[in-house]
Structures are given as structure tokens and as C-alpha cells.
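The values are calculated or read from the model by the stated rules, or taken from the named source; none is laboratory data. Not measured: the values here are computed from a predicted model. Quick reminder, even Gly has a Cβ in these numbers, built from the backbone with ideal geometry, and neighbours come from all protein chains shown. When the accessible area is computed, the model is the full protein with side chains, heavy atoms only, and any ligands, DNA or RNA have been set aside. Shrake-Rupley method; radii C 1.70, N 1.55, O 1.52, S 1.80 Å.
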Amino acid sequence: MKETNFIRQNIAKWKSLETVIDTAAHQDPGRLADAYTEVTTDLSFSRSHYPFSRITIYLNNLASALHNTLYKNRRESQSRILRFWTSEIPRVMYASRRELLYSFLLFAVSAAIGCLSQANDESFARLIMGNGYVDMTLQNIEDGNPMGVYGRGSSVEMFFLITINNIRVSFLAFATGLLSGFGTGMVMLYNGIMIGTFETFCFQQHIGLESLLAVWLHGTLEISAIIVAGAGGFALGNGWLFPGTYSRGHAFAAGAKRGLKIVIGTVPILIVAGFIESFLTRHTDAPNGLRGGFILLSLAFVIFYYIVLPFRLRHGISES
């Protein structure tokens, strides 16, 4: 890539980063960290391709200024942890909004495939969920406790097993992004088909409302976190497939860092979802209005944290 093209494509961004340094006292620390990541990525590219150029000296000075500003404004570690969840994760989600959309659409289409497949062939549920699970559910329906599977065993034991499994699925959705996003797509496809098949199966057995209230009590957070982890996997894959103006190695490292932040951000949500599934979902005798309200509250949190807050932070919108 010609140096003039490199400068022309990035000069506006570098000028905006100069403004970030000049107004550092009023900048969110997460924005400073993002700016430092951006300029060091450009500096690395410039050093590799134009080692003796004035633009490399300029970027080195810019990176040094950002580094000094960032660490001069460094706060206690507890504040840094809080900032990670309240600022860094929402900002990286804004940067990954396309990957999040792709992950959601793939999951939604997969769920629709599961619905249509089960609607046209009632034996499809046995293929996806296994004979044992289907027979157990049918027996629970006959016994008058269709969601009885959630009341089995110790709540504490269920919590650890469910949470570990959900975190495993989340990291799998991210790690399989190494396969150019194909592996992540397969994880989304399987989980989407499974949930679509199960819900259609329940409606066919005339327990559709009960299944929605039980499954989505914890599933709103759980499934949302898996979709978000899928966005992390696509960010990883896109860094490898579409490096843009950067070398493939640099783009891959940036995508991996962004994706890892995303998937780490899902862990607390999956822990809460595991707690709900283990300790609350089993209470199927709770009022429908209460369970429905809890589902809507969970959905509102997901929309705010992963869509609204990233937009507000990116565009500098604050409460008046």
C-alpha cells in the first residue's frame, strides 16, 4: 500500500486523536484506551512498511503522548474493573455492531428453520434433542408438570453444571471464529435450530405458553449472551479474513482482542442466567405475570447494555 494512500485514509482519524489528547481531562478513560489501541496499530503498520518516514515519527509521538496521558490518568484497579464493564465492553460492542447483527440474524434464521422443520415433521425433535429428552418431556406432560426437568436435582449442583456449560458454549462460539467464522456460524446454527425445535414441539403438545415462561425466564439472558459471544467469534474471523489496510497478522490480533473482550463480557450474564435457571425457573407455579415481567426486564437490560448504552457512549450522550 502506498504511503500517500495510507495517510489519506487515516489522517482524519489521527487528527481526532490529537483532539482526544488535548481534552484528556474530560475524556472517558475507556476512550483513551481505545485511542491508544488505534494509534499503536497504525504505528506498527507504519514501522513495518515505512520505517524511515516522517509519518512513522509522527505516529510514534502520538502514541507516546497517548500512553503518557493514559497512565497519568490511571486510577485504582477497582475503578479499572468497573470501567471495563461500564465503558470498555459497551464501546467494543459498538465497534462490533455489525458482527452482533450477523450473529442475531443467523440465530433467528436458524430458530425459524427449527420451527418449520418440527412443524412439518414431528419426529424432528427426536433428531435434535434425542429420544431420551423427548420421552422425558412427554412423561412430565402426562404427569402434569411439563417443565419438571428444571426441578430435578440440587439447585446448587445444577447451578455449577449449567453455568460451566453455558460459559463453555460461549467461549466455543468465540474460539471457533478461528475457522474464519464458519465454526461460530455452526454454533449459532445448532443453538438456533434447537430452541426453535423445542418451542414448536411444546406448542404441538399444548404447553407453549408454559414453555415460553419457563425457558425464557433464564433464556433471555443465556441466549442473548451466546449471540453476543457469536459476535466475538465473527470479530475474530473478520480480522483474519478482512484485514483492510493492515497486515493480516495485525488485523487478526486486533480482532482477537476485540472478540476476547466481548466473550469475557458475557461471563457475568451467564452466571446470572445459570442462577436463575437453577433456583428460579423450577418454580413453575409462580404467577405468569411475575415471570413475564421478569422476562421483559431481562430483555430491557440486554437491549440497553448491548445496543442503547454503546450508542450513547459512542456519541457522547449523557444524562441531563
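Here are the numbers for this structure:
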{"item": "Sequence of Val149, Val156, Val215 when ordered by accessible area, the most exposed leading, probe 1.4 angstrom", "result": "Val156, Val149, Val215"}
{"item": "Heavy-atom surface of the chain, accessible at 1.4 Å and reported per residue (Å²)", "result": "52 Å²"}
{"item": "Segment 80-157 - convex hull of alpha carbons, volume per residue in Å³", "result": "158 Å³"}
{"item": "Rounded to the nearest 10 Å², the accessible area of Ser64 at probe 1.4 Å", "result": "50 Å²"}
{"item": "Over segment 186-320, relative contact order from alpha-carbon pairs under 8 Å, at least 6 apart, %", "result": "28 percent"}
{"item": "Probe 1.4 Å - accessible area at Phe159, Å² to nearest ten", "result": "40 Å²"}
{"item": "Stretchable slack from Ser123 to Leu179, in nm (0.36 nm times residue separation minus alpha-carbon distance)", "result": "16.9 nm"}
{"item": "Hydrodynamic radius (Kirkwood) for the chain, which is based on Cα pairs only, to one decimal in Å", "result": "21.9 Å"}
{"item": "List Asp34, Asp22, Asp143, ordered by accessible area with a 1.4 Å probe, largest first", "result": "Asp22, Asp143, Asp34"}
{"item": "Heavy-atom accessible surface of the chain: percent carbon and sulfur, 1.4 Å", "result": "64 percent"}
{"item": "Whole-number D in µm²/s for segment 182-258 (Stokes-Einstein; Kirkwood sum over Cα pairs; 4 °C, 1.567 mPa s)", "result": "90 µm²/s"}
{"item": "With all protein chains modelled, accessible area of Glu210 [1.4 Å, Å²]", "result": "40 Å²"}
{"item": "Rg in Å to one decimal, and Dmax rounded to a whole Å, for segment 175-320 via C-alpha atoms", "result": "18.2, 58"}
{"item": "Degrees separating the helix 208-241 axis from the principal Cα axis of the chain, which is the longest one", "result": "30 degrees"}
{"item": "The chain: angle of helix 3-22 to the longest principal axis, Cα-based, in degrees nearest 10", "result": "80 degrees"}
{"item": "Kirkwood Rh, angstrom, segment 51-192 [1 / mean 1/r, Cα pairs]", "result": "20.3 Å"}
{"item": "Counting all C-alpha pairs of segment 218-287, share separated by more than 20 Å (%)", "result": "44 percent"}
{"item": "Between helix 29-49 and the chain: long-axis angle, C-alpha atoms, 0 to 90°, nearest 10", "result": "60 degrees"}
{"item": "Quotient of Cα Rg and 2.2 N^0.38 Å for segment 253-316, N being how many residues it contains", "result": "1.47"}
{"item": "Trypsin sites (Lys or Arg not before Pro) lying in DSSP loop within segment 106-174, provided at most 15 other Cβ fall within 10 Å", "result": "Arg152"}
{"item": "Phe301-Tyr190 FRET efficiency (beta carbon distance; Förster radius 41 Å; 0.05 resolution)", "result": "0.95"}
